[in-house]
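The values are calculated or read from the model by the stated rules, or taken from the named source; none is laboratory data. Keep in mind that this is a model prediction, so the values were computed, not measured. Here Cβ is always computed from backbone atoms with ideal geometry, including for glycine, and neighbour counts include all displayed protein chains. Ligands, DNA and RNA are excluded from the accessible area calculation, which covers all protein heavy atoms including side chains. Shrake-Rupley method; radii C 1.70, N 1.55, O 1.52, S 1.80 Å.
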Amino acid sequence: MLGAMLVGLGAVAACGGSMSMSTDGGPAGMCSANVPPGEACNTLTNVGSPVTPTCGTGTMPAGTGGTSVDGTYTLTSQTYYGLTGCPSEPVSSTIEIAGGCIQSVSGSPLPATASQTYTVAGAMITANPTCLHVGVDAGGFTVDAPGKTFTATPTTFTVFTKNSGTSSPNPDRAEAYAKR
């Protein structure tokens, strides 16, 4: 779901509290590593307008790679593949790409912040989460497969998350972001 980026958070709500995770990845603040449990991973503001997800037919395309440009991006579309029913609740997300780190914030239906370093090999991008904070009940929470493909231009960044064939029950999806 997390139009939020590469960690990609598919979740099912249940009862009680919030969920937080941070790692000991170096000095505090390094791509939001070592954030105390229960605190947001970053101070990024979600400036994206809500978008209604759509469902695509056939097989999800794969990313073609490219060079990402540091900056702030907002979610412009979220397309699911292989679903029998299409989600209709609008989602919003903002990501910031800078210095080998992607930070994100998402709004309804799953408010969350996340930070991660990443590696790129061709069109494959692999996330190394350094912090994840889900601001609502995290019952039934599942994380996407860590490897994704992407397409980057000077003004867009699209992530293609293929969960089918992995241990993640989350659906395949493409999330497109536009640079602000």
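In terms of its C-alpha gyration tensor, the range 61-180 comes out rounded, because the ratio a/c of the largest to the smallest axis stays below 1.5. Shape class for the range 36-127, computed from the alpha carbon gyration tensor (a ≥ b ≥ c): oblate, with a/c not under 1.5 and a/b at or below b/c. The gain in end-to-end length when the THR76 to VAL120 segment is fully stretched comes to 13.6 nm, 0.36 nm per residue minus the alpha carbon separation. Taking the accessible area of the range 32-122, probe 1.4 Å, and keeping the other protein chains in place, the carbon and sulfur fraction comes to 55%.
Label positions at THR54 and ALA98, each projected 7 Å from the Cα along the C-beta direction, are separated by 3.2 nm. Phi angles of the range 58-74 translate, via the Karplus equation with coefficients 6.51, -1.76, 1.60 and θ = phi - 60°, into HN-Hα couplings of x, 8, 5, x, 9, x, 10, x, x, 10, 6, 10, 4, x, 9, 10, 10 Hz per residue; Gly and Pro are given as x.
The distance between label points at ALA178 and ALA62 comes to 2.9 nm (points 7 Å beyond Cα on the Cα→Cβ vector). The residues of the range 73-180 present an accessible area of 38 Å² per residue when probed at 1.4 Å with all protein chains retained.
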